[in-house]
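Asker: Just dropping this structure here.
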Amino acid sequence: MISVNPIKYKIHLEPDLKNFKFAGSTEILLDAVTQVDEIILNTLELAIWNCKVRVGECFVDCPFYVNPAKEEVTVFLPKEMAGNITLMIDYVGNINDKMAGFYRSQYKSEGNVRYIAVTQFEESDARRAFPCFDHPEKKAIFDIEMIIDENLAAISNQPISEEQPLGGARKLVKFRQTPKMSTYLLFFGAGEFEFIEDPGEVLVRAATMPGMTEYAGFGLEFGRKSLDFCEDNFVTKYPLPKLDLIAIQDFAFGAMENWGAITFRENLLLHFPEITSKAGEERICEVVAHEIVHQWFGNLVTPSDWKYLWLNESFATYFGYGAVAYYHPEWDIWEQFLNGQTDTALERDALQETFPIEIPGGEHVVINTSTAPIIYNKGASILRYIKEYMGDESFKEGLKYYLKMNEYSCASSSSMWESFEQVSDKPITRIMKSWIEQPGFPIVEVKRDGHKLVFTQKRFTYLPNEYNQEWFIPITIRVFYENGETRSITTLLDRKQGVVDIGRHVISYKVNDRQAGFFRVRYNDEGNMHELGNRVSRREILSEDRWGLQ
Ligand SMILES: [Zn+2]
């Protein structure tokens with residue numbers, strides 16, 4: 001079925017929040033590159049009762065077969081067909097309580113329990129709401145409409161284009177067509193949402209349950225800031241006319257980056273005076289920024305396979321911290337990054353039974369407490385590392401190039417490194433492969449030989465090891481001279497041993513300036529350690545560097 005691709009979905013939904021059911025019909029326009037006599041779509045826990053295909057001006061009934069174990073429906077066409085094919089599928093489903101697919105979230109209003117219906121699709125739960133090609137690479141455009149009670153508000157990825165009263169206290173709500181996007185990023189919801197708005201070229205809104213908008217101002221304000229930060233840093237405009245930040249009580253994850261309709265667990269968006277701590281405020285900002293970074297890294301350009309998910313998460317994590325650091329320099333965010341991300345990753349990755357961030361030809365790694373420090377934390381640390389090595393301007397150029405080349409499409413991690421190499425004269429691909437495709441990380445031993453430093457690398461583990469691994473290690477050395485000047489020298493250690501000339505009249509040197517590199521350092525140089533110790537106690541060293549000397 002590789003030769004069949006979706007072009008456009010028209011999704012019609014009628015949620016019933018009293019009986020927790022919904023009626024759906026989905027029209028799918030697809031393109032068959034070769035002749036096909038059946039179409040296989042993903043579906044899960046939907047009661048499909050009718051499948052049709054357009055033949056000429058009319059729709060013709062098609063037999064179909066649902067295989068629940070494979071989460072698939074096979075639609076048998078009346079004859080072999082190629083080119084544009086339009087399917088129409090009718091079904092009913094449950095608005096479930098599993099926090100996946102189209103589900104219900106409970107809240108209390110004036111002492112009564114009430115419900116909203118919302119969606120959560122990553123990684124593969126869009127198939128619980130409509131039959132589809134449920135893979136990130138199968139991008140398509142979406143037309144969504146819902147029939148809901150007239151007192152409810154509806155939200156989706158795009159703004160509402162039209163509302164029609166239908167009588168019987170119901171209304172039809174239509175949304176503007178989406179850009180080409182992946183199924184897992186689609187969102188629709190209906191309920192007694194209330195909004196506060198920050199108008200602008202892009203309308204930013206916060207949506208809450210009734211009576212809660214007064215707590216949404218803090219998150220909304222940082223949402224706008226994060227949007228500005230991203231547009232500046234990625235040199236690419238946010239492509240939708242609006243961005244909603246939606247607080248939901250029953251939510252499986254911290255937040256979900258649905259394009260233009262980000263959902264949050266309530267305490268990660270709403271700020272309660274007297275209750276939300278300073279750490280809580282920092283967390284709100286970081287999560288809001290993280291999800292907004294995904295609007296580019298994940299949504300505009302999507303991993304062509306789930307095994308490249310780490311790339312999404314690394315960018316979102318790294319720039320999430322970046323946005324918070326930019327607007328709140330007083331919060332020492334990069335120190336928190338070193339503690340929370342880099343150190344956690346170094347500890348996890350020092351175990352013998354670690355694994356590479358990305359295994360060439362390998363499978364997608366399931367995220368759990370054992371794998372997250374590698375996929376998220378090491379990934380984000382390596383990204384910070386390569387950015388420091390490339391320099392801000394070159395890195396920014398690389399991101400812009402990558403987004404432009406792959407917008408509304410999918411990419412692998414190698415297309416990212418190739419983009420960086422396009423704008424940089426440094427061997428980024430070779431460096432990144434050595435960090436991404438092998439497990440563990442090195443310890444760099446350094447000793448001084450006159451005005452030269454001699455570096456040796458080997459893999460670091462807590463227990464003695466016999467590994468014979470090598471990395472391409474960009475090393476930046478902060479050198480302190482007798483006349484009070486300091487200078488940073490960058491070298492690339494691309495073999496077991498390397499030598500760098502640091503000049504004469506050197507008092508001391510700190511290897512791995514600002515702790516940008518993902519490696520440990522051992523100084524075989526007592527005198528230098530003593531001097532660095534003095535600088536630490538005189539606070540003549542950056543806080544990030546102090547962290548590296550503990
Ligand atoms: Zn994320």
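Just so you know, all these numbers are worked out from the coordinates, no wet-lab data involved. As the structure is a computational prediction, the values presented were derived from the model and not from experiment. Every residue, glycine as well, gets a Cβ built from its backbone with ideal geometry; the counts of neighbours run over all protein chains shown.
Asker: Work out the charge dipole of region 301-436 with +1 on the Cβ of Lys and Arg and -1 on the Cβ of Asp and Glu about the Cα centre, then indicate which of Y318, Y308, N339 is farthest towards its positive end.
Answerer: Ranked along the dipole, the leading option is Y308.
Asker: When only C-alpha pairs under 8 Å and at least 6 residues apart count, what is the relative contact order of region 193-296, in percent?
Answerer: Normalised by residue count, the contact order of region 193-296 is 27 percent.
Asker: On C-alpha positions alone, give me the angle between the axis of helix 278-294 and the longest principal axis of the chain, in degrees, nearest 10.
Answerer: Rounded to the nearest ten degrees, it is 70.
Asker: Assigning unit charges at the beta carbon (Lys, Arg +1; Asp, Glu -1) and nothing else, what dipole magnitude in debye, to the nearest 20, does the chain show about its Cα centre?
Answerer: With only Lys, Arg, Asp and Glu charged at Cβ, the dipole is about 940 debye.
Asker: While we're here: With θ taken as phi - 60° and the coefficients 6.51, -1.76 and 1.60, list the Karplus ³J(HN,Hα) couplings across region 124-137 in order, rounded to whole Hz; mark glycine and proline as x.
Answerer: Running phi through 6.51 cos²θ - 1.76 cosθ + 1.60 with θ = phi - 60° gives 9, 10, 4, 5, 7, 10, 7, x, 6, 8, 8, 9, x, 6 Hz.
Asker: I need the GluC sites (Glu not before Pro) found in region 4-110, filtered to DSSP loop residues with at most 11 other beta carbons within 10 Å of theirs.
Answerer: E57, E110
Asker: Using a 10 Å cut-off around each Cβ, can you sort M256, M88 from fewest to most neighbouring Cβ atoms?
Answerer: M88, M256
Asker: Could you pull out every residue, at least 5 positions away or on a different chain, whose amide H is within less than 5 Å of the one on R170? Hs are placed 1.01 Å off N in the peptide plane, and Pro or chain starts have none.
Answerer: Residues meeting the amide H criterion: E150.
Asker: Helix 217-234: angle to the longest alpha-carbon principal axis of the chain, degrees 0 to 90, nearest 10?
Answerer: Once rounded, the angle reads 70 degrees.
Asker: Which whole-Hz couplings ³J(HN,Hα) result when phi for each residue of region 198-215 is put into the Karplus expression 6.51 cos²θ - 1.76 cosθ + 1.60, θ = phi - 60°, listed in order with x for Gly and Pro?
Answerer: 10, x, x, 4, 10, 6, 10, 10, 10, 10, 9, 6, x, x, 10, 4, 5, 9
Asker: Quick one: what are the phi-derived ³J(HN,Hα) couplings along region 331-337, Karplus 6.51/-1.76/1.60 with θ = phi - 60°, whole Hz, x for glycine and proline?
Answerer: Karplus values, whole Hz, x for Gly and Pro: 8, 6, 5, 5, 5, 5, 4.
Asker: Compute, for region 303-382, the length of the dipole vector about the Cα centre, with Cβ point charges of +1 (Lys, Arg) and -1 (Asp, Glu) only. Units Debye, rounded to 20.
Answerer: 160 debye
Asker: Also: Specify the angular offset, from 0 to 90 degrees and rounded to the nearest 10, of the alpha carbon long axis of helix 392-406 from the longest principal axis of the alpha carbons in the chain.
Answerer: Its long axis makes an angle of about 30 degrees.
Asker: I've got another one for you. Using DSSP to call loops (not H, G, I, E or B), can you name the trypsin sites (Lys or Arg not before Pro) in region 47-92 whose Cβ has at most 13 other Cβ atoms within 10 angstrom?
Answerer: Hits after loop and neighbour filter: K70.
Asker: Continuing with this model, one more query. Fewest first, what order do F319, F518 take by the number of other Cβ atoms within 10 Å?
Answerer: F518, F319
Asker: Also, I was wondering about something else. Tell me which of Y467, I443, S543 sits at the most positive position along the dipole axis of region 442-548, charges placed on C-beta atoms (Lys, Arg +1; Asp, Glu -1).
Answerer: Of the candidates, S543 comes out farthest on the positive side.
Asker: Additional query: Give me the lysines in straight-line cross-link reach of K237: C-alpha distance below 18 Å, same-chain residues under 8 apart excluded.
Answerer: K180, K225, K396, K400, K404
Asker: Let me ask something else. Which of the peptides 416-423, 286-293, 519-526, 373-380 is most tightly packed, and how do the rest follow, judged by the mean count of other Cβ atoms within 10 Å per residue?
Answerer: 286-293, 373-380, 416-423, 519-526
Asker: Test of understanding: ordering W547, W49 by Cβ neighbours within 10 Å, fewest first, what list do you get?
Answerer: W49, W547
Asker: Now for a separate question. Please go through region 154-239 and write out the GluC sites (Glu not before Pro) that DSSP classes as loop and that have at most 15 other C-beta atoms within 10 Å.
Answerer: Hits after loop and neighbour filter: E201.
Asker: Moving to a separate point now. By a straight-distance test (C-alpha under 13 Å), which aspartates and glutamates pair with K10 as possible cross-link partners, with residues fewer than eight away in the same chain excluded?
Answerer: Output for K10: E27, D90, D143, E145.
Asker: Working from the alpha-carbon coordinates of the chain, get Rg over Rh, Rh being the Kirkwood radius.
Answerer: Here Rg/Rh amounts to 1.04.
Asker: What does DSSP give for region 203-280 in terms of the percent of beta bridges that are antiparallel, rounded to the nearest 5?
Answerer: Here the antiparallel bridges make up roughly 15 percent for region 203-280.
Asker: Same structure again: So what is log10(I(q)/I(0)) for region 345-409 at q = 0.11, 0.18, 0.29 1/Å, when the Debye sum runs over its Cα atoms only?
Answerer: Log-scaled intensity ratios, in q order: -0.37, -0.84, -1.12.
Asker: Using Cα-Cα distances under 8 Å and only pairs 6 or more residues apart, what relative contact order does the chain have, in percent?
Answerer: With pairs under 8 Å counted, the relative contact order is 9 percent.
Asker: Using Cα positions and a limit of under 23 Å, work out the lysines in reach of K452, with same-chain residues fewer than 8 apart set aside.
Answerer: K496, K510
Asker: Quick one: of the DSSP bridges fully inside the chain, what percent are antiparallel, nearest 5?
Answerer: 80 percent
Asker: Long-range amide H contacts for V444: which residues qualify at under 5 Å (H placed 1.01 Å from N, peptide plane, sequence gap of 5 or more or a different chain)?
Answerer: The list, which skips near neighbours in sequence, is R520, V521, R522.
Asker: Using +1 on the beta carbon of Lys and Arg, -1 on that of Asp and Glu, and nothing else charged, what's the dipole of region 301-436 about the Cα centre, debye to 20?
Answerer: The dipole of region 301-436 has a size of about 300 debye.
Asker: Can you give the direction-averaged projected area of the convex hull of the alpha-carbon atoms in region 301-436, in nm²?
Answerer: For region 301-436, the mean projected area of the Cα convex hull comes to 8.4 nm².
Asker: Please list, ordered by chain and number, the residues whose modelled amide H lies under 5 Å from the amide H of F133; skip anything fewer than 5 residues away on the same chain.
Answerer: The list, which skips near neighbours in sequence, is N42.
Asker: Evaluate the Kirkwood expression for the hydrodynamic radius of region 1-190, namely the inverse of the mean inverse distance over all pairs of different C-alpha atoms, and round to one decimal in Å.
Answerer: After inverting the pairwise mean of 1/r, the radius is 17.1 Å.
Asker: Dipole of the chain (Lys/Arg Cβ +1, Asp/Glu Cβ -1, origin at the Cα centre): which of L245, S412, L166 lies farthest to the positive side?
Answerer: S412
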